[in-house]
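Visitor: Here you go, one structure.
The values are calculated or read from the model by the stated rules, or taken from the named source; none is laboratory data. Since this is a predicted model, take the numbers as computed values, not measurements. Here the Cβ positions follow ideal geometry from the backbone for every residue, glycine too, while neighbour counts run over all protein chains shown.
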Amino acid sequence: MMASASALAFVVFSCKGNLSEAEKLDLEKIPIQVVDSMFYVQSENGQLKMRVEAPRMEVYEHDTLSYDLFPSGIRVFAYSEEGTLETTIKAQKARHDKYPQPDKERWSAFGKVVIKNILKQETMETDTLYWDSVKHEIWTDCYIHMYSPSGSMQGYGMRSDERARNAILLRPFNNEFLIETDSTKVVVDSVNFIGPMLKK
């Protein structure tokens, strides 16, 4: 009879120990879903608009704010109205916030963020970038370096449309530009180049 009582006490003690460990878990810090090798495509009327790739996506759900984390980096590819690859964005980490209000969300990218407008041959590098997919804008308040074949600019703060077609540097300093007057210069888009035209 004594052996049974001690066994029962051990079981009760073990269960209590496991419950106390479970109570320490913060469920708000645990993702409800994890996606490896995430691949997302957005199209409109059969036209490819955007492609997103990430090694890992973690989904978190809360009452006031739900969000997706991309702890291993992210790459975004945006296409022009004609269907050619126009803009790429890559970063070491990213976050996608989804609010309860309709049409309200925000993307944030962190760590060696590189934005390239391939068609204009312009590149921007910064540490933090925000993207409002509703207003179709990207911006940062951090240090940013912008460069192209015609020169380079640096400063703090930038605002642009989401495809980086018309980026504006808010507080520039120490900028250099090259003035080219050669009107015969030919620029080849190596990303969207499909080859020479054949003679008929």
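Visitor: Hand me the list of strands (runs of 3 or more DSSP E) wholly inside the stretch 31-103 holding 2 or more residues that are in contact (Cβ under 8 Å) with a residue 24 or more places away in the chain and touching a Ser or Thr at 6+ places or on another chain (Cβ under 8 Å). Let's see the steps before the verdict.
Guide: Details: elements: 33-44, 47-60, 66-70, 74-79, 85-91, 93-98.
The qualifying strands (runs of 3 or more DSSP E) are 47-60, 74-79, 93-98.
Visitor: Among what's in the stretch 145-200 and is of a type in the set (D, E, K, R) and either modelled with pLDDT of 90 or more or not in a loop (DSSP other than H, G, I, E, B) (or both), pick the residue that is farthest from ASP127 (Cα to Cα).
Guide: Ranking the qualifying residues of the stretch 145-200, first place goes to GLU176.
Visitor: Starting from residues that are within 13 Å of ILE138 (Cα to Cα) and either touching a residue at least 60 places away in the same chain (Cβ under 8 Å) or among the β-branched types (Val, Ile, Thr) (or both), keep the ones in the stretch 114-126 and report whichever is surrounded by the most Cβ atoms within 10 Å (Cβ to Cβ).
Guide: Within the stretch 114-126, the match that is surrounded by the most Cβ atoms within 10 Å (Cβ to Cβ) is ILE115.
Visitor: Answer yes or no: is there a residue in the stretch 167-174 that is touching a residue at least 24 places away in the same chain (Cβ under 8 Å), within 22 Å of GLY73 (Cα to Cα), buried (at least 19 other Cβ atoms within 10 Å of the Cβ) and not small (Gly, Ala, Ser).
Guide: no
Visitor: Taking only the stretch 127-144 into account, find how many residues are in a strand (DSSP E or B), touching a Lys or Arg at 6+ places or on another chain (Cβ under 9 Å) and of a type outside the set (Asp, Glu).
Guide: Residues of the stretch 127-144 in a strand (DSSP E or B): 127-132, 137-144.
Still in the running and touching a Lys or Arg at 6+ places or on another chain (Cβ under 9 Å): 127, 130-132, 137-140.
If we keep only those that are of a type outside the set (Asp, Glu) as well, we get 130-131, 138-140.
Residues in the stretch 127-144 being in a strand (DSSP E or B), touching a Lys or Arg at 6+ places or on another chain (Cβ under 9 Å) and of a type outside the set (Asp, Glu): 5 in total.
Visitor: Out of all the residues in the stretch 67-113, which are polar (S, T, N, Q), surrounded by fewer than 16 Cβ atoms within 10 Å (Cβ to Cβ) and closer than 22 Å to PRO55 by Cβ?
Guide: SER72, GLN92
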